[in-house]
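Read the structure below first, then the notes.
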Amino acid sequence: MFRNVIIKLRKGYDLERPLIIEWIGVIGIHLFAFVSFIYNDFKSLTIWSVNLLDVTFEGRPLYFFEYSAQNIHQVPHRFIANIWAVLPWSIWNIPIWILQRFFGYNILESHFSMAWSKLFLVVSLAGVTFLAYKISDLIISDKKRSMWAAILTASSVFVFTSVYYAGQNSIVSILYSVLAFYLYLKGKNKGFIFWSAMSIAVKPFFIFAFIALLLYRQKNVLKIMRDILLVSSITVISRVVFLMAPSYTEALEYGPFSQILVRMLSVGAPTSVGIASIFISGLVIVYFWAYIIREDTKKINYIPIYLCVVPNLLLILFSDYEWYRPIVLIPFLPILLVSCRNWFRINIILELVFSSVGTWLLLFRNSWMYSPVFMQGSIVSAFLRRIRGETILTHQPIIPAQGAIGFTYFLAISLPALAAIFLAAGVLLIVVNSPLFRSKVKIEEVKCERWILWFRLFQGLPFILLPLIRYLLRI
């Protein structure tokens, strides 16, 4: 029997599609991550979602911002300025809202309630993963290879960081944007604009890719301006309507997005007239290129997915952002990785280096990232407390402030080198996947070794285990 298993594994090692055991491994990491963390932002978003149900039930939805600012449940954040960020989450959380509203249930102290709330993010991620498969199949017409786009999406370290650890609702905006892109490839312009508008209403980041896609397909300047106005309409109209809502202006000023544009433009290069944003300069080049090339209407090719990836790569490479923001690359980057068989191996290696090194750099820059303290309140925390008779450690930065001169010196040398590797890998992903480069440089297919794929599929495991290791070792 054992010999038969070995034979099957050897045969599977050479298959072009992901193996069932690889899916089981990835899902296992998801399950562990699901029960391990309760981050501050997730608590606030969950309470905001039931706050919206409270004020709606009372017939005063415009008081949502004031009600949330009162912070009667004592969550870490008071201000939210975007109702679209929690609207679908509110609908999902109706069962736990009923428990809280009518039975006095404290949902923040309930493992079941927190699990139910986080399950909404998992369902959204499942939708993104499925659409990644569908989009990849549209582009390459290969169902087996398209499964790689799905599993590479599900196994991305950016997914574990944003969805499971930080509990962010970015995945909802991404789900809308991926649905919009799918309709774009199908030629359904109205659906593309509507779901793009919904995505931007939740989080504004898809606007950069939307403009690139629009310029690639539409050359009439007046129609381009019309579509940009349409895609901004939900956000603009909402802001106008909510200006009369109590505490809305305070929420705009002090909410999580108050400094986002300043941070986005903060990385620049000196010029004779001042500091120029590298991100904006890169976008201008991408938009110019998208506008001057003609869309191939006879078949679906990979250029649209390339136009989705490059603006987001520029954002991650050349702007300042929260450590959970790189999820904007999902699932567009994984789909791009499998878009050309001959470049698959090189793309996997580049993306593995880019995402792994980038995450380590973010970890050293942000002491709140993968900290044991945010295991507090989780199912794993309760299990450890029962075994060890103690609570999770209080927050400790991963870089010691004192008493580690040698380690600090090592970081002073290694961090700039790692940042250079991160930058190079990101730029190379842009270069080697560009249509011009692929048309000029022809390479033969070299099959990607399975062990390289395993490194990529399970790259999230060390980060997910890090808080537990830090807790057990007291570091």
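A short reminder: the numbers here are calculations on the coordinates, not readings from a lab. Keep in mind that this is a model prediction, so the values were computed, not measured. A quick note on method: Cβ atoms are made from the backbone with ideal geometry, for glycine too, and the neighbour counts reach across all protein chains shown.
The packing ranking of peptides 413-425, 157-169, 433-445, highest mean first, is 157-169, 413-425, 433-445, where packing means the average number of other beta carbon atoms within 10 angstrom of each residue.
With 30 Å as the limit, the listed pairs 144/188; 144/440; 134/190; 188/440; 143/442 have 188/440 beyond it between alpha carbons.
In the stretch 255-390, a dipole from Cβ-located charges (positive for Lys and Arg, negative for Asp and Glu) runs towards its positive end, and of 343, 328, 387 it is 387 whose Cα lies farthest in that direction.
A cut-off of 5 Å between modelled amide H atoms, ignoring neighbours fewer than 5 places along the same chain, links residue 266 with 320.
At a 10 angstrom cut-off on C-beta neighbours, averaged per residue, how do the peptides 54-67, 36-49, 373-386 rank from highest to lowest?
Going from most to least packed, we get 36-49, 373-386, 54-67.
Karplus-based coupling profile of the stretch 28-45, in residue order and whole Hz: x, 5, 4, 5, 5, 5, 4, 9, 9, 10, 9, 7, 4, 4, 5, 4, 5, 5, with θ = phi - 60° in 6.51 cos²θ - 1.76 cosθ + 1.60 and x standing for Gly or Pro.
Between residue 98 and residue 230, the modelled labels are 3.9 nm apart [label points 7 Å from Cα along Cα→Cβ]. Is the stretch 253-335 best put as rounded, prolate or oblate by its Cα gyration tensor, with a ≥ b ≥ c the root eigenvalues, rounded for a/c under 1.5, and otherwise prolate when a/b is larger than b/c, oblate when not? Oblate is the answer for the stretch 253-335, as a/c is 1.5 or above yet b/c matches or exceeds a/b. Placing R0 at 35 angstrom, the Cβ-Cβ distance between residue 449 and residue 111 gives a FRET efficiency of 0.30 after rounding to 0.05.
For the chain, taking Cα atoms only, Rg and Dmax work out to 23.0, 73 Å respectively.
Using the Cβ of residue 320 as centre and a radius below 11 Å, the other residues enclosed give a net charge of +2, where K and R count +1 and D and E count -1. For the stretch 97-142, the Kirkwood estimate of hydrodynamic radius, built from reciprocal distances between every pair of different alpha carbons, is 12.9 Å.
What does the helix-only formula give at 222 nm for the chain: each DSSP H stretch with n ≥ 4 adding -39500 (n - 2.57), the total divided by the residues, and the result rounded to the nearest 500 deg cm²/dmol? Present the calculation step by step, with values, prior to reporting the outcome.
Values: 23 runs with 310 residues, N = 475.
Dividing the helical sum by the residues of the chain leaves -21000 deg cm²/dmol.
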